[in-house]
Each structure stands twice: as structure tokens, then as C-alpha cells.
Amino acid sequence: MLSFFNKESLLDQALADTSKMLENVEVMVRAATISLRKREDTTMDIDVLEMDKAVNRFESEVRRKVFTHLAVVGTDNVYSALVLTSIIIDIERVGDYAKNIVELAKDHPGRLHADIYEKKVLRIEKAVVDELLPKGRQAFLNSDKSESARLIHETRWVGRLVDRITEKLTAGDCECTLSAKDQVCLTLYLRYLKRISSHWSNMLTSVVNPFDRIGFKRDF
């Protein structure tokens with residue numbers, strides 16, 4: 001009997017692991033952007049690689065606990081179980097992009113300046129790192145449909161703005177004083193932020209959409 005009830009709580013444990021994944025990844029992205037954009041050296045306050053390993057372990061644990069829950073308890077809460085196994089992929093991918101930003105910081109000497117695009121890049125960073133990540137995490141954990149829809153809708157401009165800037169950078173007509181290396185670095189950084197925004201929004205679609213439409217963004 002005790003074993004049965006322990007198994008029944010596995011879905012709650014899987015949700016707790018997912019929450020820890022979200023927290024870790026949010027911290028990773030913030031630390032990575034600080035290292036690249038606000039520091040003249042490559043020092044970091046956390047070990048992003050170790051945190052990424054923890055994220056990967058949580059991802060494996062979520063899958064194991066969800067599978068065990070379904071095998072032992074049956075189809076009770078099957079919808080929640082399927083949602084968790086779906087969205088942890090997006091969370092893990094955000095962790096990978098945090099690592100990519102750390103790699104950029106290590107390869108780039110000094111703080112990355114955006115020259116004439118500085119104000120626009122700061123706007124993107126604020127929207128993604130300071131707004132979407134923390135508020136999106138809470139909206140998902142609270143199953144807040146209105147807040148999830150609002151965040152998805154209000155951050156759609158991020159991808160469009162990133163595309164406009166990176167198109168100019170890659171075409172060589174950005175009319176800025178950045179070196180070729182800085183232009184490449186800035187292009188990659190903005191692309192990573194765009195992907196982070198997209199994956200976090202994908203996670204939020206699980207709150208507002210039916211299961212078969214997770215990852216699809218309609219007009220909210």
C-alpha cells in the first residue's frame with residue numbers, strides 16, 4: 001500500500017523536478033548574458049556547465065517518473081504527464097543556448113558592445129531575460145492562461161527585431177563601427193536570444209493550447 005501511494009506521488013515529483021529545471025535554466029541564461037555583455041573578462045558567478053548537467057539529470061528524472069506513474073497508476077492525470085514530457089525538451093534546449101552564450105563570452109575579448117544597436121539589444125535582453133523567463137516560469141507553474149497568452153503575444157516582436165538586425169549584420173550593411181568578429185558574435189548572440197524566447201514561449205503554449213497544439217502560437 002505504501003509503495004502504491006509513493007508511486008502515485010511521482011507525478012508531483014516530476015513537476016517539482018521541472019520547476020527546478022526552469023529555475024536552473026533561468027539562472028544560467030542570466031549569468032551567461034552578464035558574462036558576455038557586462039564584464040570585461042570571462043568570470044562567472046556560477047558554473048553553467050555543472051548546472052546544465054543538473055538540468056539534464058532532471059530531464060531524465062522527469063521522464064522516468066512520468067513513465068513509472070503511468071505504468072503503476074494508469075491513465076489518471078495522463079494529460080499532465082504528457083505535457084511535462086513535451087515541454088522539458090524546450091527547457092533543456094534553453095539550457096543549451098545558455099551554454100552557447102557562455103562559449104561566446106569565452107571567445108570574445110572584453111564586453112560585447114552593440115554599437116548603434118545597443119538600445120535595441122538592451123530592449124531584447126530586458127524582454128527575454130527580465131520579463132519572459134521569470135514571468136513565464138511563474139505563469140507555467142501557476143497554469144495561468146491569461147498571463148501565458150499575454151507573454152506569448154507581447155514578445156512576438158523579439159524574433160522580428162532580431163531578424164532585422166541580423167540581416168543587416170550578415171549582409172555587411174549595418175553602418176556600424178563593429179569589427180567583423182564583433183558583428184559575428186552579436187549575430188550569434190541575438191539568434192540565441194531569439195531561440196530562447198521561442199522555446200520559452202513554446203512551453204507557455206502548453207498552458208493555453210490543447211496538447212496537439214503545443215508549440216503552435218495562434219493570436220492570443
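The values are calculated or read from the model by the stated rules, or taken from the named source; none is laboratory data. If you're wondering where the values come from, they're calculated on a predicted model, not measured in any experiment. Cβ placement follows ideal geometry from the backbone for every residue including glycine, while neighbour counts extend to all protein chains displayed. Remember, those area values only see protein heavy atoms, side chains included, never the ligands or the DNA or RNA. Shrake-Rupley method; radii C 1.70, N 1.55, O 1.52, S 1.80 Å.
Any residue in the stretch 148-170 that is open to solvent by 80 Å² or more (accessible area, probe 1.4 Å), of a type outside the set (Val, Ile, Thr), touching a residue at least 60 places away in the same chain (Cβ under 8 Å) and farther than 21 Å from ARG123 by Cβ?
Scanning the stretch 148-170 turns up no residue that is open to solvent by 80 Å² or more (accessible area, probe 1.4 Å), of a type outside the set (Val, Ile, Thr), touching a residue at least 60 places away in the same chain (Cβ under 8 Å) and farther than 21 Å from ARG123 by Cβ.
Of all residues being within 24 Å of ASP47 (Cα to Cα) and open to solvent by less than 40 Å² (accessible area, probe 1.4 Å) in the stretch 101-118, which is nearest to the chain's Cα centre (by Cα)? Just the residue, please.
Applying the filter and picking the extreme gives ILE101.
Using the structure shown, decide if ASP12 is in a loop (DSSP other than H, G, I, E, B) and of a type in the set (Asp, Glu).
Criteria not met by ASP12.
Okay, residues lined up against (1) within 17 Å of the chain's Cα centre (by Cα); (2) surrounded by 15 or more Cβ atoms within 10 Å (Cβ to Cβ):
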{"site": "VAL66", "(1), (2)": "no, yes"}
{"site": "GLY74", "(1), (2)": "no, no"}
{"site": "VAL78", "(1), (2)": "no, yes"}
{"site": "LYS99", "(1), (2)": "yes, yes"}
{"site": "LYS120", "(1), (2)": "no, yes"}
{"site": "ASP130", "(1), (2)": "yes, no"}
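Taking the stretch 175-197 as the region of interest, how many residues are among the hydroxyl-bearing types (Ser, Thr, Tyr) and open to solvent by 30 Å² or more (accessible area, probe 1.4 Å)?
Going through the stretch 175-197 one residue at a time, the tally reaches 3.
Within the bounds of the stretch 36-47, is there any residue that is open to solvent by 30 Å² or more (accessible area, probe 1.4 Å) and in a helix (DSSP H, G or I)?
no
Please find, among VAL62, VAL72, the residue that is aliphatic (A, V, I, L, M), within 27 Å of ILE214 (Cα to Cα), touching an Asp or Glu at 6+ places or on another chain (Cβ under 6 Å) and part of a helix (DSSP H, G or I).
The unique qualifying residue is VAL62.
So if I check each of LEU204, LEU178, which one is within 21 Å of the chain's Cα centre (by Cα) and on the phi < 0 side of the Ramachandran plot?
LEU204
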